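Here the structure comes first, spelled out in structure tokens, and everything after it is commentary.
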Amino acid sequence: MPRIIAQGISPDRVRVRAARRVVRDRRNRVESRVSRQAKPALPARPSPENVVEVDNVSFAYDARQVLSGISLAIPRGRVVAIMGGSGCGKTTLLRLIGGALRPTSGEVRVFGDSVGAMNQEELYALRRKLGMLFQFGALFTDMSSYDNVAFQMREHTDLPEDLIRDLVLMKLHAVGLRGAAHLHPAELSGGMARRVALARAIALDPQLMMYDEPFAGLDPISLSVIGQLIRRLNDALGATSIVVTHDVMESLKIVDYIYFISDGRIIAQGTPDEIRASNMPFVHQFVHGEIDGPVAFHYPARAYRDDMLGVQP
């Protein structure tokens with residue numbers, strides 16, 4: 001250990017590097033086992049620069065159409081935002097990317113492989129490369145903040161408990177909640193719970209991070225800190241991030257590209273500077289929070305008068 005310190009590398013940093021090697025080796029073993037199984041060839045990756053490719057994807061919940069012919073690409077190393085009004089299909093798109101849903105038509109490719117063509121084991125292997133911050137946190141209510149963050153380390157690695165402890169405290173420290181490690185979700189505020197959920201999502205340094213409303217419920221200081229954390233983590237790990245959010249101003253500070261969804265379709269896209277300068281009515285209304293414009297406040301419904309009077313359809 002003195003030799004390590006003399007070289008200017010702290011013991012903690014050596015332990016973290018060792019932990020990452022263990023996680024990487026285990027992930028490679030799983031992927032190797034999956035690749036040895038006989039399976040039909042998947043479509044070749046059209047572009048090695050794109051981590052996610054959504055090709056003409058449509059999806060419906062029974063008769064309710066949610067997405068209609070969506071096509072987009074998420075390049076490697078970028079932070080990309082997906083924006084739009086409530087109920088426009090943003091979270092559904094994340095579920096399609098993560099394999100929780102399968103498209104009605106079209107194809108979703110992640111790391112070059114068609115998600116819809118994967119069997120269960122292949123899908124689990126893919127998900128070990130992903131991190132997900134769920135819209136409502138989805139913490140285990142009977143576990144402390146510490147155990148929530150440690151859960152996937154214990155589940156998917158062979159790391160010793162003392163090393164898991166160091167990594168968990170590092171992740172909680174990154175979101176400002178190392179002092180709340182012993183608290184359970186019921187003892188946390190809504191914003192604190194989301195920060196613990198973020199620490200859990202980044203626990204294994206995933207190659208693709210998906211954030212579903214990461215800024216909801218955060219105070220202004222926490223919002224800025226978490227926004228910069230998302231950007232720094234992405235750059236430091238060489239990862240790729242997809243951010244679904246309504247917080248336009250904070251997102252424009254950290255993302256590389258933005259897609260706007262409305263009525264199940266992509267209606268606008270561009271860099272932050274292009275979005276700020278856009279004269280499109282939808283984009284202008286959304287970015288500036290204007291009341292009047294093409295984005296309706298009310299969910300589609302029949303005439304208000306007919307509902308109040310009980311008129312039969």
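The values are calculated or read from the model by the stated rules, or taken from the named source; none is laboratory data. This is a predicted model, so every value here is computed, not measured. In this analysis, Cβ positions are derived from the backbone assuming ideal geometry, glycine residues included, and neighbour counts consider all displayed protein chains. Surface areas here come from the heavy atoms of the whole protein model, side chains and all, with no ligands, DNA or RNA. Shrake-Rupley method; radii C 1.70, N 1.55, O 1.52, S 1.80 Å.
Here region 69-109 is treated as a Stokes sphere of Kirkwood radius computed over C-alpha pairs; at 25 °C and 0.890 mPa s its diffusion coefficient rounds to 214 µm²/s. Here the Karplus curve 6.51 cos²θ - 1.76 cosθ + 1.60, taken at θ = phi - 60°, turns the phi angles of region 100-107 into couplings of 6, 10, 10, x, 5, 8, x, 9 Hz, with x standing for Gly and Pro. Remark: accessible surface ordering of K129, K90, K253 (largest first) is K253, K129, K90, probe radius 1.4 Å.
3J(HN,Hα) along region 220-235: x, 5, 4, 4, 5, 5, 5, x, 5, 5, 4, 5, 5, 4, 4, 6 Hz, from the Karplus curve 6.51 cos²θ - 1.76 cosθ + 1.60 with θ = phi - 60°, whole Hz, x for Gly and Pro. All alpha carbon pair distances within region 77-160 were sorted into 10 Å bins beginning at 0; the resulting P(r) in whole percents reads 13, 38, 35, 12, 1.
Among residues other than L133 with Cβ under 13 Å from its Cβ, the summed charge is +2 (Lys and Arg +1, Asp and Glu -1). First obtain the Kirkwood hydrodynamic radius of region 127-179 from its Cα pairs, then insert it into the Stokes-Einstein equation at 37 °C and 0.692 mPa s, and state the resulting D in µm² per second as a whole number. Once the numbers are plugged in, D ends up at 274 µm²/s. Stretched out straight at 0.36 nm per residue, the stretch from R76 to E121 would grow longer than its current Cα-Cα span by 13.8 nm. Dividing the convex hull volume of the alpha carbon atoms of region 154-310 by its residue count gives 181 Å³ per residue. Taking only alpha carbon atoms, region 127-237 gives an Rg to Rh ratio of 0.93, where Rh is the Kirkwood radius. Calculated from the alpha-carbon coordinates, region 206-282 shows an Rg and a Dmax of 13.1, 37 Å respectively. Only Lys, Arg, Asp and Glu carry charge here, each on its Cβ (+1 for the first two, -1 for the last two); on that basis region 168-300 has a dipole of about 500 debye about its Cα centre.
Model label sites at M249 and Y299, defined 7 Å from Cα along the beta-carbon direction, differ in position by 2.9 nm. Proximity of backbone amide H atoms, modeled 1.01 Å from N, is registered between N50 and R76 at under 5 Å, excluding neighbours fewer than 5 places apart on the same chain. The phi-based Karplus calculation (6.51 cos²θ - 1.76 cosθ + 1.60; θ = phi - 60°) puts the 3J(HN,Hα) values of region 164-172 at 4, 4, 4, 5, 4, 5, 5, 5, 5 Hz, whole numbers, x for Gly and Pro. Close amide H contacts of G270 (hydrogens built in the peptide plane, cut-off under 5 Å, sequence separation of 5 or more or a different chain): I258.
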